[in-house]
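Below is one structure, written out as structure tokens; comments come after it.
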Amino acid sequence: MLNQPLSLTRRRMLQVAAGASAAGTIGGVSFWTPSAGAQATPGAVPEGTLRLSMLGDFIPSFYPLGTWTGNQFLLYTMFYSSLVELDVNLEIRGDLADTWEISEDAKTFTFKLNPNATWHDGQPVTSADVAFSFKYYLRDTASVGFTTRLQALVGAADFMAGTTEELPGIETPDPQTVILTLTQPNAFFIKALREPFHFILPEHVLGGTTPDQMQTHPFATSAPLGSGPYKFVQMLPDQYVELDAHTEYFRGTPTFAKVFQKFLPAELVLAQLESGELDLGLRLNPLDYVRLEENENLDAITRPGVGVVELIINNRVITDKRIRQAVWYAIDRQGIVDGIFEGRGVLLKAPPAMSDYEGLNDYAYNPDQARTLLQEAGWDGRTVRLIYDTVWAGVGDVVPIFQQQLSDVGIDVQLEPLDTATWTDRYRNQPDTWEIAWGQGGTEGLDPDVSTIYYNGNPDTAIGFYTNPDLEALLTQGRALGDQEARDEIYMQAAKIINDEVPVIYLWTPFDIHGKIKALNAEAYPYAPESGNGILNWSFTS
Amino acid sequence: MGSPPSPTPVVCTAPEEDVLQYIIRRLLISIPVFFGITAIAFAALAAAPGDPIYAMVDPQALQQMTPESIENLRREFGLDQPAPIRYVKWVRELASGNLGYSISSRRSIEEELGSRLGPTLQLMGAALAIGLVVGIPLGMVAATRQYSKLDYALTVWSFGMIAVPPFFFGLILIYVLGVHFQVLPTGGRSTLGEDPTLVDTVKHMIMPATVLGLGFAAPIMRYVRSSMLEVLRQDYLTTARAKGLAETKVLVRHAARNGILPVVTVIGLHLPELVAGAVITEQVFQWPGMGQMAVKAATSRDPSLMQGVVLVVGVAVLVSNLVVDIVYTIIDPRIRYG
């Protein structure tokens, strides 16, 4: 039995997001207040120790822009604050910001900060810290790619070029007010502020340093200072990070006295849940589900994630869209999801946040159709190379099935298992060494807007090297719109292009599998690393 | 019929002097060998497909980075230079005692190595001790009872230990002792948030040290058994027995001294592992040692970290080979270097 109702489709998730947006734009001026929850009982005392773990790498750097892995993001959600964050239903709620307001033209965003917010050393968090952080990030030349959202601020280009110290796009009229102004309208800029590249840094600690010192600065390596519900105690490399409750936390008293974020090899996560050494394991191997279910002390949590499993086609080599469509038809996706992942995957027709629009071809398994298309396209029967990264859970079970099913329609596939660094290098820099690349992960399910980073119009870096001015224009247009219906109209057109042109074969959105002990009340987020946002609401039952 | 006495006595130089000269010569040879090792390791990592920057940056973030910002990042880590130049730079910095810093952990290599060497020495030392304590007596017992049921049982056991991969044995131990009976922690080196105590460390070390120790014990047992069998047939043992010595004395005093000589070679081969750690076992038991770090260095294509590992392991191999050769001259008078 699945704990999560299957009715939570992409469409439903979109509606949830849409609800938030619609409620906020009544009368042209938008108001939000923090969602309910996240307010602990006054006078409560933190108690107990939470031990949690998430599969995946952790780079022991605490500078949010340096690099980030899912485990760093998970830590940051407990340790740092951002202006706003997502709740478990993907609605925006306040973090440092108590309230905010979006102007009618979707260009100006005014935030009122919580006056009680303090750093872990007791200093107040003010609008000056916000301005300092965003300016600091914009000056980080090694991480320019991370700051694309902030580059939309008025004056960002000149500020980054170093010609001026002024950044008119950020104003701080008083210690509790931050006004951000964009050059182009973008209602969903607010959602981007939840990304890990927008955590607020302490000016009183980092003022006087420059971003290029952050690679080896003690703040980044051993002594970070945040303003979230939990403060840093110590990190043991490849063992754990130890956090203590920040009892003066401005949004409520943390429930746990201590939190340990453990870095465990895949082999140990389930064993430690079973042995009582771990309370919450995020992103388990999907094949561990049965063992979790069978254990009477453990709960299996499963829900559709926001990621995607996809076959990226090398559009420079496979230029005929009929061949790309044939590949999609040739794969029995439902059979694979049912047979290997026991139904825990949602089949897609387009990028996850655009897959539920009307009028998209579902590419249901149809080998005859695939053969017909290949014949029409004059397929030359050459061998195609499928590159994949072996760290992705279940990939080794799935690719031989692809190989078999594609061979049935006349496409010979050569499987090429690679490690992460090699996969990325081949995928990005050696386009003549592959025809199909298995891609997995991402957060495209959060919003159609996320897909614009993959269809960026640059023939060297766009996904599958696919460019299409019509598609890119639509995505840019959609990004600027605040009205949900107008957005849907635009993104539906974009989805139809992608669905027909098949630059990428969108296979399915995998369900995330999480495990926890029954005595812990906790929720996992659609994007698992963000789960720490909900930690104030978690607790142990006695 | 004896050979006629030599007209002039052979002049023997003091053995100490011989050994000293030998050590100096070996040390001098070690220098080019050392550069060879580090250069090959550097070249191998540089030639490995993949790019450290790509291993470091999340794919979704990478998608948003411009080629210029990737180049900036590369420059910041000094990865924009060709490999030979980077190697020369590394050697130059090494001469001034600077090992650089890890691009994946951002910590200095000294710090990385320092935090890993202790745990690895601890684990591998315990494992080697287990290997010797279990392997030597079992080998002797198997030899003295050749073709008995016990000998066959030990032979089956030792081949089993050699054949079963350590990660599999490790997972079985984790499941039985950690999950089912819950008598030992499944991984890590210390209880969360507590300063390590001896008892706590030992508890965390039992399972990984057992896996590794029995892995050492099996080949040691095989070596001791075959070498003892050879020794047991020697005439001098018959002489010892003929003198009326008790069998245990014959075995322990006379046979064992020669019988366990090959163990020195086996230990010598394993000495570098004392600092190199055990890649798979450390991974399975989340033991923060050199082996675990070496895996990380390789998967993240982290040049300076990898060079740090190679440096330590390379020196360990050279030193342990030298030590073994010298020890041989002491324990086996038949061997002379000159």
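The values are calculated or read from the model by the stated rules, or taken from the named source; none is laboratory data. Please read all numbers here as calculations on a predicted model, not as lab measurements. We place every Cβ from the backbone using ideal geometry, glycine too, and count neighbours over all the protein chains shown. We work out accessible area using only protein heavy atoms, side chains counted, and drop any ligands, DNA or RNA first. Shrake-Rupley method; radii C 1.70, N 1.55, O 1.52, S 1.80 Å.
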Handout entry: Over chain A: helical MRE at 222 nm, DSSP H runs n ≥ 4 each giving -39500 (n - 2.57), nearest 500
Key = -8500 deg cm²/dmol
Completion exercise
A:Ala44 and B:Ala47 label points (each 7 Å along its Cα→Cβ direction) are spaced in nm at 6.0 nm
Fill in the blank from the handout: Rounded to the angstrom and largest first, Cα extents along the principal axes for chain B equal 90, 64, 36
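Quick one: plug the Kirkwood hydrodynamic radius of the range A:482-542 (C-alpha pairs) into Stokes-Einstein at 37 °C, 0.692 mPa s, and report D in µm²/s.
Working: Rh = 15.4 Å.
Roughly 213 µm²/s, to the nearest whole number.
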Exercise for the section: Using only Cα positions of the range B:4-163, each an equal point scatterer, no hydration layer, compute I(q)/I(0) via Debye at q = 0.09, 0.20 Å⁻¹ and quote the log10 values to two decimals. Expected result: -0.68, -1.30
Fill in the blank from the handout: iface A-B | buried accessible area, total | probe 1.4 Å | Å², round 100 | 4500 Å²
Completion exercise
Inverse of <1/r> over all distinct C-alpha pairs of the range B:41-80, i.e. the Kirkwood Rh in Å, gives 11.0 Å
Exercise for the section: Whole Å is fine, so just give me how far the alpha carbon centre of the range B:141-171 lies from that of the range A:110-128. Expected result: 66 Å
Practice task
Report the dimensions of the range B:167-222 along its three principal axes from the alpha-carbon atoms, largest first, rounded to Å.
Solution key: 42, 24, 15
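Could you rank the peptides A:242-252, B:82-92 by their average count of other C-beta atoms within 10 Å per residue, with the highest value first?
Put in order of decreasing packing, that is A:242-252, B:82-92.
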Exercise for the section: Multiply the residue gap between B:Val91 and B:Glu71 by 0.36 nm, knock off their C-alpha separation, and tell me the result in nm, one decimal place. Expected result: 4.8 nm
Exercise for the section: Could you tell me whether the range A:70-198 comes out rounded, prolate or oblate from its Cα gyration tensor? Rule is a ≥ b ≥ c as square roots of the eigenvalues, rounded for a/c under 1.5, then prolate if a/b exceeds b/c, otherwise oblate. Expected result: rounded
Exercise for the section: Could you tell me which trypsin sites (Lys or Arg not before Pro) in the range A:455-542 are loop residues by DSSP with no more than 15 other beta carbons within 10 angstrom of their beta carbon? Expected result: A:Lys518
Practice task
Along Cα→Cβ, 7 Å out, is where each label goes; now give me the distance between the ones at A:Gln184 and B:Val252 in nm to one decimal.
Solution key: 8.6 nm
Practice task
Quantify how much of the Cα-Cα distance distribution of the range B:200-271 extends past 21 Å, in percent.
Solution key: 43 percent
Handout entry: Carbon/sulfur fraction of accessible area - the range A:361-463, other protein chains in place, 1.4 Å, %
Key = 44 percent
Fill in the blank from the handout: Per the range A:353-458, sqrt(5λ) over the Cα gyration tensor eigenvalues, sorted largest first, in Å, gives 24, 22, 15
Practice task
Kindly state, to the nearest 0.05, the FRET efficiency for B:Asp80 paired with A:Thr216, given R0 = 25 Å and r defined as their beta-carbon distance.
Solution key: 0.85
Completion exercise
For the range B:8-125, the accessible surface attributable to carbon and sulfur atoms (probe 1.4 angstrom, ligands and nucleic acids excluded) amounts in percent to 68 percent
Problem - chain B: relative contact order as a whole-number percent, Cα under 8 Å and 6+ apart - result: 27 percent
Practice task
Extending each Cα 7 Å along its Cβ direction at A:Glu104 and B:Ser148, get the distance between those two points in nm, one decimal.
Solution key: 10.0 nm
Fill in the blank from the handout: Reported to the nearest 10 Å², B:Lys249 has, with a 1.4 Å probe, an accessible area equal to 90 Å²
Practice task
Provide Rg and Dmax in Å for chain A, with only Cα atoms included in the calculation.
Solution key: 23.6, 74
Completion exercise
Counting other chain Cβ atoms within 10 Å of each Cβ in A:237-249 and taking the mean gives 3
Problem - Dimensionless Rg over Rh [the range A:414-492; C-alpha; Kirkwood] - result: 1.06
Fill in the blank from the handout: Averaged over the residues of B:176-186, the number of partner chain Cβ atoms within 10 Å of each residue's own Cβ comes to 4
Fill in the blank from the handout: Kirkwood-based Rg/Rh on the Cα set of the range B:206-338 evaluates to 1.13
Exercise for the section: May I ask you to order B:188-200, B:278-290 by the average number of other C-beta atoms within 10 Å around their residues, highest value first? Expected result: B:278-290, B:188-200
Completion exercise
If the chain between B:Gln182 and B:Ser226 were fully extended at 0.36 nm per residue, the gain over the current Cα-Cα distance would be 11.9 nm
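What average count of beta carbons from other chains do you get within 10 Å of the Cβ of residues in A:258-265?
Mean partner-chain Cβ count within 10 Å for A:258-265: 3.
Over all distinct alpha-carbon pairs, what is the Kirkwood Rh of the range B:119-194 in angstrom? Please list the in-between numbers first.
Details: mean 1/r = 0.0670 Å⁻¹.
After inverting the pairwise mean of 1/r, the radius is 14.9 Å.
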Handout entry: Rounded, prolate or oblate (a/c below 1.5 giving rounded, otherwise prolate when a/b exceeds b/c) for the range A:294-351 by Cα gyration tensor
Key = prolate
Practice task
Find the accessible area per residue for the range A:164-281; the probe is 1.4 Å, ligands and nucleic acids are left out, and the unit is Å².
Solution key: 30 Å²
Fill in the blank from the handout: Of the accessible area of the range B:259-338, computed with a 1.4 Å probe and all protein chains kept, carbon and sulfur make up a percent value of 76 percent
Problem - Residue of B:Ser304, B:Ser227, B:Ser105 that the Gaussian network model of chain B assigns the largest fluctuation, springs spanning Cα pairs under 10 Å - result: B:Ser105
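Checking a compactness column here: for the range A:166-297, what do you get for Rg(Cα) / (2.2 N^0.38 Å), N being the number of residues?
Against the empirical 2.2 N^0.38 Å value, I get 1.43 for the range A:166-297.
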Practice task
Rank these residues by their accessible area, most exposed first, probe 1.4 Å: A:Ile190, A:Ile401.
Solution key: A:Ile401, A:Ile190
Completion exercise
Kirkwood Rh for the range B:85-233 from C-alpha pairs, in Å, is 18.4 Å
Problem - Inter-centroid distance (Cα atoms) of the range A:368-436 relative to the range A:193-263, Å - result: 42 Å
